[in-house]
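Only one structure is covered here, and it is reproduced in the block below.
The values are calculated or read from the model by the stated rules, or taken from the named source; none is laboratory data. Just so you know, these numbers come straight off a predicted model, no measurement behind them. Cβ: placed from backbone, ideal geometry, glycine included. Neighbour counts: every protein chain shown.
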Amino acid sequence: MAATHTVDVVVVGAGQAGLSGAYHLRRAGMEPDRDFVVLDHAPRPGGAWQFRWPSLTYGKVHGMHALPGMELTGADDSRPSSEVIGEYFDTYERAFDLRVHRPVEVSAVREGDGGRLLVETSEGTYATRALINATGTWDRPFWPRYPGQETFRGRQLHTANYPGPAEFAGQRVVVVGGGASGTQHLMEIAEVAAGTYWVTRRPPVFREGPFGADQGRAAVAMVEERVRRGLPPQSVVSVTGLPLTDAIRRARDEGVLDRLPMFDRITPTGIAWDDGRTVEADVILWATGFRAVIDHLAPLKLREPGGGIRVEGTQAVRDERIHLVGYGPSASTIGANRAGRAAVRAITRLLDKAGAETGAETKTRTDEELMPAVM
């Protein structure tokens, strides 16, 4: 049996939320590989960004907030976002000595002895007092199911493995999904494809004018209410609508964003509606979003009847040792930063309480003692 490593905190995931949590653990006086460990299944730094399609350049990224303690400066807007943000995350990990373990797969989190959790991984088992779950959604793309789907003779793919527009040259492409990814895919594919069709379950909502702090708080509150009730979280973007940019306006004027209602079935050569309409297609691209990666937490029985994990702030209501960051209302980059800080504050109180009960001493240090200089 693999050896068991004992730490106070395990962070699962090294995307924006996980690195934010690790940063704040360092600021709280904890040492990596002694007091806490960061585990990431990806092959290199960059979180989900490293898997984004090459045509998503840094200049096309909306709302990328810097990680706490270090700005992203001087980035070339024409470079792929996967490269720019991957390099930034790599620099960040080294600057703050976060010592991320990768690639490490986390298979399950179970109840252990003495109030500890057992985190079972490909590099052994960690016995921990608290867990920051920052696994995001990228590894769980959502594929809807429709009658006849298995009969389609063309190609079906998801945003998670979207290769960029060049592969669709001269083809007839159906893009399914009304979010930001769907519209981005559609607009760039339309420039090379023989024809494009946009299909969504609901009419898209385009947002005009500024999107200020009040609107942002209202959107986050809607998502937060779902996770507080134990329902699967929606993305913040799903309740804000699509910003009506100049590119969106041009695409609407050119007919690229002429939306069709959701089809009823898939045929061997395309899609069809019950009213007799059909569309012939070579490709169906599902831009239908992602679901939270939380199956490894199943042994703890945290899910509610509604299908989600009930969360107050970042803490799982059923277990104060578990904090979910980058989940639901904290799925945006700025939300992930705030959630990392909030989770560490709660975990610090939990560890202090446990230390007081066992008579163990705790030590805090100043920020100057804790953090290496960042040039």
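Just a few scattered comments:
- The set of residues from the range 249-305 being part of a helix (DSSP H, G or I), in the same structural domain as Gly328 (by TED's automatic domain parsing), surrounded by fewer than 17 Cβ atoms within 10 Å (Cβ to Cβ) and not small (Gly, Ala, Ser) comprises Asp295, Pro299.
- Flag for Ile132 being farther than 30 Å from Val344 by Cα, crowded, with 19+ Cβ neighbours inside 10 Å, within 26 Å of the chain's Cα centre (by Cα) and modelled with pLDDT of 95 or more: no
- Residue match in the range 173-193 (condition: surrounded by fewer than 18 Cβ atoms within 10 Å (Cβ to Cβ), in contact (Cβ under 8 Å) with a residue 60 or more places away in the chain, touching a strand residue (DSSP E or B) at 6+ places or on another chain (Cβ under 8 Å) and at positive phi): no
- Whenever a residue of the range 3-15 is farther than 14 Å from Arg102 by Cα, its partners that are among the basic types (Lys, Arg) and surrounded by fewer than 24 Cβ atoms within 10 Å (Cβ to Cβ), lying with C-beta atoms within less than 6 angstrom and at least six residues away or across chains, give the pairs Asp8/Arg129.
- Only one of the numbered conditions (1) surrounded by 15 or more Cβ atoms within 10 Å (Cβ to Cβ); (2) in contact with a helix residue (DSSP H, G or I) (Cβ under 7 Å, 6 or more places away or on another chain); (3) at pLDDT 90 or above is not met by Met64, and that is (3).
- Filtered by the rule that a residue be in contact (Cβ under 8 Å) with a residue 40 or more places away in the chain, surrounded by 18 or more Cβ atoms within 10 Å (Cβ to Cβ) and outside any helix (DSSP H, G or I), the range 42-61 gives Ala42, Pro45, Gly46, Trp53, Leu56.
- Members of the range 306-330 that are of a type in the set (Lys, Arg) and in a loop (DSSP other than H, G, I, E, B): Arg310, Arg318
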